[in-house]
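The next block holds one structure in the form of structure tokens; read it before the comments.
The values are calculated or read from the model by the stated rules, or taken from the named source; none is laboratory data. Just so it is clear, the model here is predicted, and its values are computed rather than measured. We place every Cβ from the backbone using ideal geometry, glycine too, and count neighbours over all the protein chains shown. Heads up: the accessible areas ignore ligands, DNA and RNA and are worked out on the full protein's heavy atoms, side chains in. Shrake-Rupley method; radii C 1.70, N 1.55, O 1.52, S 1.80 Å.
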Amino acid sequence: MAAPIQKGTDYHKTFGSKAYLKTFYTSPECIDEDGEALTPIFKEFHEIFNSTGRLKPESRLLDVGSGPTIHQLISASRFCTEIVCAEYIENNRTEIEKWVKKDPDMHDWAPFFKFVADLEGDSSSWEARQSHLRDAIKEVIPCDLTKPEPFPPLQYQFDVVTISFCLEVACPDRETYSAAVRNITRLLKPGGTLALAGVTNQTFYSFGGYKFFTLHIDSSFMREVFEKAGYVDINIKSFPATNPENNTVSDCDGLVVLHARKAEI
Ligand SMILES: C[S@@+](CC[C@H](N)C(=O)[O-])C[C@H]1O[C@@H](n2cnc3c(N)ncnc32)[C@H](O)[C@@H]1O
């Protein structure tokens, strides 16, 4: 009998950090079994942080639902000296810590740094960018977005928040999604930037022999939630799935990138 769809606390037992990395993050062009690549996300994050002039040097960044990954930090990290990664399960937090400490068992993110350095027009800078990000990650903390207080107490608000492929898989319903966005927003400075990558109209994703729940949402729902949470200049770009009939890894109809600014008080 097939295993039931995994959600909530199941993640602690069945989300395999290594299997996840192997399935989705071998290289930026890594094509999953559905024939989809994540490169539009990396290009969009590059645009957000390099073309909009949103971040000043020495910014502080909070990444929410980091998983075992750091790809979502590369573009913004150029402007950041303090980065806090918040993640639900311990194995994923350990995977990030391994990368920071250059543990021999760490995941190889070099192809992603090379990809971003090329976008930035200086391919020779990728190793320096990698060292800079290692130095900038100051803490990897636990978080649970379904709780009224998702994070341990933090000393300050952040200039930028990044979230990739987390909200719609962590939140079991639309009310929890909206509350999670409000809670995250409290940690962002007025005028601060939020950049989010996600999926639309997905009900599951799968890897490592398990299927995981996803909340079925579209970009108009996202816009409404972020508007209500106090964001302005909301910009949403959709990237329709190129191979929607083939849905072994997920049934999403596309990727989405949202960026917005928290209104000044
Ligand atoms: C699809 S992974 C995304 C990981 C990574 N950010 C990426 O870009 O690939 C979803 C992440 O959401 C996390 N998550 C699941 N439930 C959560 C919860 N209640 N609160 C916060 N994060 C949660 C999982 O542990 C997992 O790391």
Quiz item: Hey, among the residues in segment 151-204 that are over 13 Å from the mean Cα position of the chain (by Cα) and among the β-branched types (Val, Ile, Thr), which one's nearest to Leu255 (Cα to Cα)?
Solution: Thr200
Self-check item: Pairs where the first residue, in segment 11-33, is part of a loop (DSSP other than H, G, I, E, B) and more than 11 Å from the ligand (Cβ to nearest atom) and the second is of a type in the set (Asp, Glu) and modelled with pLDDT of 90 or more, C-beta under 9 Å, 6+ apart
Solution: Thr26/Asp108
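For residues in segment 50-66 being at pLDDT 95 or above and away from the ligand (no atom under 16 Å from the Cβ), which is most open to solvent (accessible area, probe 1.4 Å)?
Restricting attention to segment 50-66, the residues satisfying the condition of being at pLDDT 95 or above are 59-66.
When the remaining residues are screened for being away from the ligand (no atom under 16 Å from the Cβ), the result is 59-60.
Working: Ser59: 5, Arg60: 69 Å².
Looking at residues that are at pLDDT 95 or above and away from the ligand (no atom under 16 Å from the Cβ), I get Arg60.
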Quiz item: Considering segment 227-257 alone, what residues qualify as being more than 23 Å from Phe212 (Cα to Cα), in a strand (DSSP E or B) and open to solvent by less than 70 Å² (accessible area, probe 1.4 Å)?
Solution: Tyr231, Val232, Ile234, Asn235, Ile236
Practice problem: Assess whether Thr69 counts as being of a type in the set (Val, Ile, Thr), within 10 Å of the ligand (Cβ to nearest atom) and in contact (Cβ under 8 Å) with a residue 24 or more places away in the chain. | Solution: yes
Self-check item: Filtered residue count, segment 158-178, keeping only those that are open to solvent by less than 70 Å² (accessible area, probe 1.4 Å) and away from the ligand (no atom under 12 Å from the Cβ)
Solution: 6
Self-check item: Filter result for Glu47 (within 13 Å of the ligand (Cβ to nearest atom) and in contact with a helix residue (DSSP H, G or I) (Cβ under 9 Å, 6 or more places away or on another chain))
Solution: no
Quiz item: Residues of segment 76-90 being touching a Ser or Thr at 6+ places or on another chain (Cβ under 9 Å), within 15 Å of the ligand (Cβ to nearest atom) and either without any contact (Cβ under 8 Å) to a residue 24 or more places away in the chain or open to solvent by less than 10 Å² (accessible area, probe 1.4 Å) (or both), which ones?
Solution: Ala76, Ile83, Cys85, Ala86, Ile89
Quiz item: From Ile96, Ile74, Ile89, Ile70, which residue is over 19 Å from Thr26 (Cβ atoms) and modelled with pLDDT of 95 or more?
Solution: Ile89
Quiz prompt | Candidate set from segment 180-214 (those that are open to solvent by 20 Å² or more (accessible area, probe 1.4 Å) and closer than 25 Å to Lys262 by Cα); member that is nearest to the ligand (Cβ to nearest atom) | solution = Asn183
Practice problem: Scan segment 253-265 for residues that are over 15 Å from Lys237 (Cβ atoms) and either in contact with a Phe, Trp or Tyr (Cβ under 9 Å, 6 or more places away or on another chain) or among the polar types (S, T, N, Q) (or both) and jot them down. | Solution: Arg261, Lys262, Ala263
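Looking at the structure I just gave you, is Asp122 more than 15 Å from the ligand (Cβ to nearest atom) and open to solvent by 40 Å² or more (accessible area, probe 1.4 Å)?
Values: more than 15 Å from the ligand (Cβ to nearest atom): yes; open to solvent by 40 Å² or more (accessible area, probe 1.4 Å): yes.
Considered against the rule, which asks whether it is more than 15 Å from the ligand (Cβ to nearest atom) and open to solvent by 40 Å² or more (accessible area, probe 1.4 Å), Asp122 comes out as yes.
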Quiz item: What number of residues in segment 93-119 are open to solvent by 60 Å² or more (accessible area, probe 1.4 Å) and out of contact with any Lys or Arg (no Cβ under 7 Å at 6 or more places or on another chain)?
Solution: 7
Self-check item: Those residues of segment 91-108 which are closer than 19 Å to Pro142 by Cα and either within 15 Å of the ligand (Cβ to nearest atom) or not in a loop (DSSP other than H, G, I, E, B) (or both), in sequence order
Solution: Asn91, Asn92, Arg93, Thr94, Glu95, Ile96, Glu97, Lys98, Trp99, Val100
